[in-house]
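The values are calculated or read from the model by the stated rules, or taken from the named source; none is laboratory data. Quick caveat: nothing in here was measured; it's all calculated off a predicted structure. Note that we place each Cβ from the backbone using ideal geometry, even for glycine, and neighbour counts take in every protein chain shown. To get the accessible areas, we keep the full protein, side chains included, count just its heavy atoms, and leave off ligands, DNA and RNA. Shrake-Rupley method; radii C 1.70, N 1.55, O 1.52, S 1.80 Å.
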Number of protein chains: 2
Amino acid sequence: MSDRIANSHLRSLVMSAEEAAEHINDGDTIGMSGFTGAAYPKALPTAIAEKAKAFHGRGDDFKVNVLTGASTAPDADGVMAEADAINFRMPYQSDPVMRKKINAAEMKYQDVHLSHSGLQVEQGFFGNIDVAIVEVARITEEGHLIPSSGVGNNIEYLEEADKIILEVNSWQSLDLEGMADIYRVPRLPNRTPIPINNVGDRIGTPYIQIDTDKVVAIVETDAPDRNSPFKEPDEVSKQIAGNFLEFLEAEVAAGRLTYDRFIMQSGVGNVPNAVMAGLLDSKFEKITAYTEVVQDGMLDLIDAGKMTVASATSFALSPEYADKMNREAKKYREHLVLRPLQISNSPEVIRRMGLIASNGMIEADIYGNINSTQVGGSRIMNGIGGSGDFTRNAFASTFISPSVAKDGAISAIVPFASHIDHTEHDAMVIITEYGYADLRGLAPRDRVAKMISVAHPDYRPLLEEYYERALKNPHQQTPHDLRTAFDFHINLAERGSMNSFES
Amino acid sequence: MSDRIANSHLRSLVMSAEEAAEHINDGDTIGMSGFTGAAYPKALPTAIAEKAKAFHGRGDDFKVNVLTGASTAPDADGVMAEADAINFRMPYQSDPVMRKKINAAEMKYQDVHLSHSGLQVEQGFFGNIDVAIVEVARITEEGHLIPSSGVGNNIEYLEEADKIILEVNSWQSLDLEGMADIYRVPRLPNRTPIPINNVGDRIGTPYIQIDTDKVVAIVETDAPDRNSPFKEPDEVSKQIAGNFLEFLEAEVAAGRLTYDRFIMQSGVGNVPNAVMAGLLDSKFEKITAYTEVVQDGMLDLIDAGKMTVASATSFALSPEYADKMNREAKKYREHLVLRPLQISNSPEVIRRMGLIASNGMIEADIYGNINSTQVGGSRIMNGIGGSGDFTRNAFASTFISPSVAKDGAISAIVPFASHIDHTEHDAMVIITEYGYADLRGLAPRDRVAKMISVAHPDYRPLLEEYYERALKNPHQQTPHDLRTAFDFHINLAERGSMNSFES
């Protein structure tokens, strides 16, 4: 038995995942750790899926509601979705099997702003939390939990749940201890200011305190986080990254930013990694990040002495960088703070920091409304995640995307966004490989030419034609032609490309 | 000369509005006081409008950009818009003449979240601020400004402007002194927590300190604020108010609220006044408000001993209640705090308070996306105001509206909102005279029946037909039929009613 369980009472509760899954009942609502493929439970989800399959095989009902921090992995969301073990899921997800089930109306999904998710759990919007299933790196003698590679909503789930199941994962480095900064935002009506004034401020403890009497099972695991392999940035990603850096330079020129005061927030993916690679060779120094997840590029910036500290709630590393983290956590914990989601994504702290947000998107319309979540208005991809938390409170908010997808069949700039996650009041700067459209301080009509300038050249004439039709509307604040507003999307659905117009 | 100007240097700068307007040049950007018809300058706008007309009469250009706190009045926004004196306006407006000019593309309007407006001014998104024109109740011997009936973005405009013109309005009660609580949120990068833990906490000074060397003119006025007459709530408003109170009672029953802990935020209008009338006879006690504007109903609640304190940035009173305020400001200032807009609408403080937000809307769609600003997707009404600041950070966010407008020609519930100001991630409870749709914790498809249940019965079959078509979409997170998503709006534009379908 692992020496990672120093509390003797809790050590007596070690059992197999299958035995632990006996504590999960049909209809339960489970609060689960896990955020962008890190720190999710590695054993219980499969055990729950197997239990569901056994029940279903006998003709019995077995479905649970699963609330997490964000996305997990094929061996968590994936296996449970595959087994039709989930009725309702909240908040962010990105598993292909789960996505398919949601879009087929075979399970329910509520897409909640991440900063709201834990708060809404404690406010009871999702009913009673029956069980918390949380991965940890270690349990102390006092029964305190040392978080593994992420924190997410773990505090809320551990507090609210009737029963607790812990997974102690020996794959996670013991040197992660000290990276987490656990601060409980007081519950309403006793909330007080969150005393963070600088990105790296530590205000809490390195452990989560729980009611150990609620623990019903402990499972030992040694499986790695889902860490997606790193892809070398392609040419388009590099061009987008170049335009983002050009925008930063323009902010410096405008006196709004200095080379030693760039606080970044960054979504996950190819383009953000290209941006971070670009920052390595830039004039920016003492970069910090107040963001959701630690990515490869941030470790590179730390190694190069360009980044001093990053605050996040979790990791999203490639396997190579995850290994590096496990070897060198002692070094990195001097530069990384893992916070609860209510703090990593806190509107209060984000606005105080004055950061520059950068998030991906599916499409933007000609006035700057952003669709982050649903292709064609109906088909969920992943979810809004924390993009709304950061966009609404950043010093400047950018959205980045290649101008086209699917070999040009899909334009990222459209007449009317088919689902709106960030409104024309929120988005400030839209960046593609063709440049950046700075919408700040502009009335809607003045944004259109800028938006069309960052569209793919193949789509610019179509967007201009739409705008000409829209200008015939007698009302001109955000002129639209509602009869043809969704033609791009209808073309895509019916003829396979946004620019295949009915002849 | 008024004894309201105690500083001798500033007293020497008293002149007529026409003389003061000589300091305003074509192309200037003006930061102006004024918030929902209170505390706007009473003399300069007309003088600027006259100057513009004289220039235009000679064939010369004369237009200015006008940034305010929120809406002003016919003798401010109205006269300037009528004279085509405005090029660009930010943020909220509600003047009928100005609205017409904006929708006719004769002036530009950017609709900015109020909590962002002052911040974006200091970040330079609107360029240089040439002149601040601010109404005050009094100027102290030290040259400090005692705010009149509102604060808005005055601090930011006074700080940023090259020149300052003050209007000293003797209509405003001197007993307002002490009601304002002026706290300057530190500028980036030195922001710190806003130390408000309770609605009534005072953290600043009763005056605004300025650089008196920037003052170029002082104009004396004695005109009243624009105060809209109070209308007795109609039957529908009373029903909506009843449903709102029923929602509050349900929150108490669910253990999320107690009768002595209701913190309200409320938009302005007939329905909110009906809600406040309903609260007079309710079980709720020690009510507080963390909101934008003080309304008649709040004074009634204070008089009845039901409300202890309201925090706002300005007044929106009927003439009768404005008179009462002027007579009894000494009493009311014990119960009212007027704050800068960056604080009254601060996401940080709003989330800390745990308030219940209630805002009007133009329309909501079947998944809970909210259009607050634009009829038919293109025609601006007033603007988003602070509704986004409160909705995104409230404990619970409600939107209220009669189910139909224009004798039934317009439904407040539609298949797809023609402009989206609050997304399906944000809105929680939609209230009409037919009940309340509680969308919290629900996946989108589970919201539809609830939304249709609060639609007008005449529109329910049409909404159900739409949803049946939408369910044929192969993708089912928020199923839509994009070919017919805007039929309600197209009908209204082309045939005068949302339910006049093409035969």
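With both residues required to sit in the protein assembly as shown, DSSP beta bridges show an antiparallel share near 25%.
The charge dipole of segment A:260-392, taken about its Cα centre with unit charges on the Cβ of Lys, Arg, Asp and Glu (plus for the first two, minus for the last two), comes to roughly 360 debye. Amide H contacts under 5 Å for A:S497: A:L492, restricted to partners 5 or more places along the chain or on a different chain, H placed in the peptide plane at 1.01 Å from N.
Quick one: in segment A:36-117, what % of C-alpha pairs are over 14 Å apart? In whole percent, the long-distance tail amounts to 59.
Of all DSSP-defined beta bridges confined to segment A:235-495, some 30% are antiparallel rather than parallel. Can you grab the distance from the C-alpha centre of segment B:129-144 to the C-alpha centre of segment B:407-458, Å, no decimals? So the two Cα centres are separated by 45 Å.
Note down the net charge around A:A21, summing +1 for each Lys or Arg and -1 for each Asp or Glu among other residues with Cβ under 10 Å from its Cβ. Around A:A21, the charge tally is -3.
Backbone N atoms of segment B:80-105 closer than 16 Å to the 7 Å Cα→Cβ label point of B:D60 belong to residues B:85. When you work out D = kT/(6 pi eta Rh) for segment A:338-450 at 10 °C and 1.306 mPa s, using the Kirkwood radius from C-alpha pairs as Rh and the Stokes-Einstein form, the result is 110 µm²/s.
Across chain B, Cα-Cα pairs farther apart than 42 Å form 19% of the total.
Surface composition of the protein assembly as shown: carbon and sulfur make up 48 percent of the accessible area, probe 1.4 Å.
Under a model in which nothing but the beta-carbon of Lys, Arg (+1) and Asp, Glu (-1) is charged, segment B:46-87 shows a dipole of about 100 debye around its Cα centre. For the pair segment A:180-213 and segment A:223-274, the centres of their Cα atoms are 29 angstrom apart. Extension gain, B:K231 to B:D323: 0.36 nm times the residue separation minus the Cα-Cα distance gives 31.4 nm. Across the protein assembly as shown, the volume of the C-alpha convex hull divided among the residues equals 160 Å³ per residue. Comparing the full protein assembly with the isolated chain (1.4 Å probe, heavy atoms, ligands and nucleic acids excluded), the residues of segment A:353-398 losing at least 50 square angstrom of accessible area are A:S378, A:R392, A:F395.
Inter-copy label distances for B:A405: 3.4 nm (label point placed 7 Å from Cα along Cα→Cβ; shortest first). In order along segment A:181-193, the Karplus-derived 3J(HN,Hα) couplings, from 6.51 cos²θ - 1.76 cosθ + 1.60 at θ = phi - 60°, round to 10, 8, 10, 8, 4, x, 6, 4, x, 10, 5, 9, x Hz, and Gly and Pro are given as x. Measuring heavy-atom accessible area with a 1.4 angstrom probe and counting protein chains only, the residues of segment A:461-496 that give up at least 50 Å² relative to the chain alone are A:H475, A:Q477, A:L482, A:R483, A:F486, A:I490. Just how far, in whole angstrom, is segment B:366-401 from segment A:308-373 if you go by their alpha carbon centroids? The two parts, judged by their Cα centres, are 29 Å apart. Solvent-accessible surface of chain B, taken per residue with a 1.4 Å probe and all protein chains present: 32 Å². For segment B:270-374, the set of GluC sites (Glu not before Pro) satisfying both a DSSP loop assignment and a count of at most 15 other C-beta atoms within 10 Å is given as B:E285, B:E334.
Could you compute the net charge surrounding A:I210? Neighbours are other residues with a C-beta less than 11 Å from the C-beta of A:I210; K and R count +1, D and E count -1.
-3
Taking amide H atoms as placed 1.01 Å from N in the peptide plane, the amide H of A:E167 lies under 5 Å from those of A:V134, A:E135, A:V136, A:V219, each 5 or more residues away in sequence or on another chain. Globularity index of segment A:8-221 is 0.99 (Cα radius of gyration / 2.2 N^0.38 Å, N = number of residues).
Interface burial in segment B:172-192 reaches 30 Å² or more for B:L188, B:P189, B:R191, comparing the full protein assembly with the chain by itself; accessible area from heavy atoms with a 1.4 Å probe. Checking every one of the trypsin sites (Lys or Arg not before Pro) in segment B:33-79 against DSSP loop status and a limit of 11 other Cβ atoms within 10 Å picks out B:R58. Please go through the residue pairs A:K283/A:K330; A:K42/B:K450; A:K53/B:K472; B:K283/B:K331 and name each one whose alpha carbons sit more than 31 Å apart in this structure. Table pairs above 31 Å Cα-Cα are A:K42/B:K450. By the compact-protein rule of thumb, 2.2 N^0.38 Å, the alpha-carbon radius of gyration of segment A:123-232 corresponds to a ratio of 1.18.
Chain B and chain A together bury an accessible surface of about 6900 square angstrom, both sides counted, with a 1.4 Å probe and no ligands or nucleic acids included. Of the GluC sites (Glu not before Pro) found in segment A:115-184, those in coil by DSSP whose Cβ has at most 16 other Cβ atoms within 10 Å are A:E141, A:E142. Placing unit charges on the Cβ atoms only, positive for Lys and Arg and negative for Asp and Glu, gives the protein assembly as shown a dipole magnitude near 240 debye about its Cα centre.
Site pair A:A304 and A:D446 shows an inter-label distance of 3.6 nm when each label is modelled 7 Å from Cα along Cα→Cβ.
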